[in-house]
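Here is the structure we will look at.
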Amino acid sequence: MHLIPLPALADNYIWLMHDDDGNAIVVDPGDATVVERALETLQLRLRAILLTHHHHDHIGGAAALRTRHGVPVYAPVDERIDGVNEQVRDGDRIRLAAPQVDFEVIAVPGHTLSHVAFVGAGLLFCGDTLFSLGCGRLFEGTPAQMLASLDRLSTLPADTRVCAGHEYTEANGRFARIVEPNNQALQSRVQEVAQLRARRRPTLPVALAGELATNPFLRVDTDAIGAWGGRRGVGADRVARFAALREAKNEFAG
């Protein structure tokens, strides 16, 4: 199975996955033109569309792709997503014959209330819930919901490759270094990211193991993040600590 991040819009990634026989799926196609160009260049046949949440930059091209290719659209139960013929919920499985892949659906509320992630073939398509070195803003959910969602994703196998919806890693790294200035794994990741972006290469996918070692939003229970929270008057409550971390990121101007 082959995986390609297609840059789209300002900083989105549309994820294209295909087998050696030319069968492809796309995840969060915010721009149909980008997908069509890739399908033509690689001589692929689109077989399915997966959507993680309702925001337009993730679903904007889905209707046109479905109309042209006549493929199923798998998406969470949300009236704000039109043209869905396969609604999915937490615990559902999506079994595709071509390409042959099996996805588990995981509900990950926080960024939006109906947000889902798809896990299969060693990949995690997590939309705007988890980013490399960061996490999504809380537009609809609560800190407790988002933290619970990240906790669930943290239990996936360490070699799972995280396929997030945006190229935010460089900016996230600047914030993460302030929170954990002595984290050597984080320093190494930041250097790697700078080198990749200098060559205009994507920083994703990334192994979950690396995120567990470097992403402050997955490390709220560590001594380092606890010390960071203590300096800001946040006690031992992990949800309060996460909320303070997310608010600090919202206000971060670096």
Original post:
Along the charge dipole of the chain, Cβ charges K/R +1 and D/E -1, which of P157, A236, V73 sits furthest on the positive end?
Top reply: A236
Subject >> Relative contact order [Cα under 8 Å, 6+ residues apart], the chain, whole percent >> reply: 13
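Taking 1 over the mean of 1/r across every pair of different Cα atoms in the range 2-251, what Kirkwood radius in Å do you get?
Working: mean 1/r = 0.0543 Å⁻¹.
Its Kirkwood hydrodynamic radius stands at 18.4 Å.
Grab the beta carbon distance between L212 and N85, set R0 = 30 Å, and tell me the FRET efficiency rounded to 0.05.
Values: r = 36 Å, r/R0 = 1.21.
Computed FRET efficiency for L212 and N85: 0.25.
Computed FRET efficiency, Cβ-Cβ of A10 and A97, R0 30 Å: what is it to the nearest 0.05? Don't skip to the end; give the middle numbers.
Working: r = 35 Å, r/R0 = 1.17.
Efficiency computed from Cβ-Cβ geometry: 0.30.
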Original post:
For the modelled label position 7 Å from the Cα of F139 along Cα-to-Cβ, which residues of the range 62-100 have backbone nitrogen atoms closer than 12 Å?
Top reply: 80-81
Original post:
Size of the range 1-117 along its principal axes in angstrom, Cα-based, largest extent first?
Top reply: 36, 31, 23
Original post:
In a GNM of the chain with a 10 Å cut-off on Cα contacts, which of R199, R152, R232 has the highest mean-square fluctuation?
Top reply: R199
**OP:** Pick out, in residue order, every one of the GluC sites (Glu not before Pro) in the range 1-80 that is DSSP loop and has at most 10 other C-beta atoms within 10 Å; say none if there are none.
**Re:** E79
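Of all beta bridges DSSP finds with both residues in the range 2-251, what is the antiparallel percent, to the nearest 5?
Working: 28 of 42 bridges.
If I count the DSSP bridges inside the range 2-251, around 65 percent turn out antiparallel.
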Original post:
Scanning the chain for chymotrypsin sites (Phe, Trp or Tyr not before Pro) in DSSP loops with at most 15 other Cβ atoms within 10 Å, what's the longest stretch left with none?
Top reply: 1-138
Subject >> Within a Gaussian network of the chain (alpha carbon springs, distance under 10 Å), most fluctuating of A38, A164, A176 >> reply: A38
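What does the extension gain come out to for M1 and L42, with contour length at 0.36 nm per residue minus their alpha carbon separation? Before the final figure, lay out each step's value.
Numbers: separation 41, 0.36 × 41 = 14.76 nm, distance 1.39 nm.
Full extension from M1 to L42 adds 13.4 nm.
Mind giving me the FRET efficiency for N250 and R174? R0 is 22 Å, r the Cβ-Cβ distance, nearest 0.05 is fine. Each step should come with its number before you reach the end.
Working: r = 14 Å, r/R0 = 0.65.
Between N250 and R174 the formula returns 0.95.
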**OP:** Compute the long axis of helix 143-154 from its Cα atoms, compare it with the longest principal axis of the Cα atoms of the chain, and write down the angle in degrees, 0 to 90, nearest 10.
**Re:** 70
**OP:** For D19 and Q184, compute 0.36 nm times the residue count separating them, minus their Cα-Cα distance, and round to one decimal in nm.
**Re:** 55.7 nm
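None of the figures in this text is laboratory data; all of them are computed from the coordinates on show. What you see is a predicted model; the values in this text were computed from it and never measured. Every residue, glycine as well, gets a Cβ built from its backbone with ideal geometry; the counts of neighbours run over all protein chains shown.
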